[in-house]
Amino acid sequence: MKVAAIQMVSGADLSANLAEAKALLQTAAQAGAELAVLPEYFCLMGQRDADKLAIQEPFGSGPIQQFLSDNARALGLWLVAGTLPISAPPDLHASVEPGPRVFNSALVYDPSGHCLARYDKMHLFRFDNGVERYDESLVLAAGRQPVTFDLASADGHTWRIGLSVCYDLRFPELYRHYAQAGAHLMLVPSAFTYTTGQDHWELLLRARAIENLSFVVAAAQGGLHDNLRRTWGHAMLVDPWGKVLAEQAQGPGVVTTELSWDLMQQCRSRLPALEHRLL
């Protein structure tokens, strides 16, 4: 199954971001990808955290969701859009501090344009090294439910795919849950900071692949954004043995590779670690 991890350097202009996403999705389709994954915050990297609130949409309707549905259908792609702000219920709006919240949601569209799965980012990033400071909980509500979906591929196999987003990568229990649920592929659309990414990004992606003998596909934000935030990039595809199959360091682009069902089964057969779990 050919997959594409898309890398962007999204800015504060929603229409410009969607235009770039469309061009990159077209590139992925032209390269023969069956599944394409957009990065976290593909639609907006605003000047302020609260800018997410201004473009939020109720689940199931809105111009961003229509854009995703239209492009999945027009290009004949399985499309994972990670992420866009989906409106949260009012009772979640004061979980940490006063003020509204949205979910940071990854949506899955099939080639007919139907949205068949939604994953709300469960772990909210917080970081403060005295220079950089981030706290997603100020505007985001945390999801509560792991989500998988099944993709019946042209290769004749049905791939079970586990959804995650960015900071989730630091919580291996989520990926082990997916492995126990029979997942063959884990998706990690992200916007890793440059500071944390240079030390941890590749290491964590390869660890999640090795631990679960699964493919990992990580779309990314990669570059200097117009809000002066710098993201690490290195959109990456990793095989179940921990080998990096392809990556792009910085800047917008599309990284593609073939995921081999047979290779995954060979890895699981010669090292049946998933059968040896005690917990």
Among CYS43, CYS115, CYS166, residue whose mean-square fluctuation peaks in a GNM of the chain (springs only between Cα atoms under 10 Å): CYS115
With each label point set 7 Å from Cα along the Cα-Cβ vector, what nm distance links ARG133 and GLN30? 4.5 nm
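Report, as a whole number in µm² per second, the diffusion coefficient that Stokes-Einstein gives for segment 141-266 at 4 °C and 1.567 mPa s using the Kirkwood radius over alpha carbon pairs. Please list the in-between numbers first.
Values: Rh = 14.9 Å.
Approximately 87 µm²/s, per Stokes-Einstein.
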Rounded to 5, percent antiparallel among DSSP beta bridges of segment 2-275: 65 percent
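What's the FRET efficiency of LEU53 with LYS243 using the Cβ-Cβ distance as r and R₀ = 45 Å, to the nearest 0.05?
Numbers: r = 41 Å, r/R0 = 0.91.
So the FRET efficiency works out to roughly 0.65.
Over the chain, what per residue volume does the convex hull of the Cα atoms give, in whole Å³? Mind showing how you got there, number by number?
Details: hull volume 33.7 nm³, N = 279.
It is 121 Å³ per residue.
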Longest principal axis of the chain (C-alpha) makes with the long axis of helix 63-75 (C-alpha) an angle, in degrees to the nearest 10, of 30 degrees
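Would you work out the charge dipole size for segment 1-138 about its Cα centre, treating the Cβ of every Lys and Arg as +1 and the Cβ of every Asp and Glu as -1, and quote it to the nearest 20 debye?
Numbers: 10 positive and 16 negative charges, 59 e Å.
Charge dipole, segment 1-138, about its Cα centre: 280 debye, nearest 20.
Once fully extended, how much extra length lies between LEU274 and ALA74, figured as 0.36 nm per residue of separation less the alpha-carbon to alpha-carbon distance?
Numbers: separation 200, 0.36 × 200 = 72.00 nm, distance 3.88 nm.
68.1 nm is the gain from fully extending LEU274 to ALA74.
Taking only DSSP H segments of four or more residues, each worth -39500 (n - 2.57), what value at 222 nm results for the chain once the sum is divided by all its residues, to the nearest 500 deg cm²/dmol? Provide the component values of the computation, followed by the final result.
Working: 6 runs with 72 residues, N = 279.
Mean residue ellipticity, 222 nm, calculated: -8000 deg cm²/dmol.
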Using only the alpha-carbon atoms, how far is helix 14-30 inclined from the longest principal axis of the chain? Give it as 0 to 90 degrees, nearest 10. 20 degrees
Leading residue at positive end of dipole, segment 102-236 (Cβ point charges), from CYS115, GLN198, ALA141: ALA141
With +1 on each Lys and Arg Cβ and -1 on each Asp and Glu Cβ, how big is the dipole of the chain about its Cα centre, in debye rounded to the nearest 20? 360 debye
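Each value in this text was obtained by applying a stated rule to the coordinates, not by laboratory testing. Please read these numbers as outputs of a predicted model, since none were measured by experiment. Counting neighbours? That spans all protein chains shown, and the Cβs are built from the backbone with ideal geometry, glycine included.
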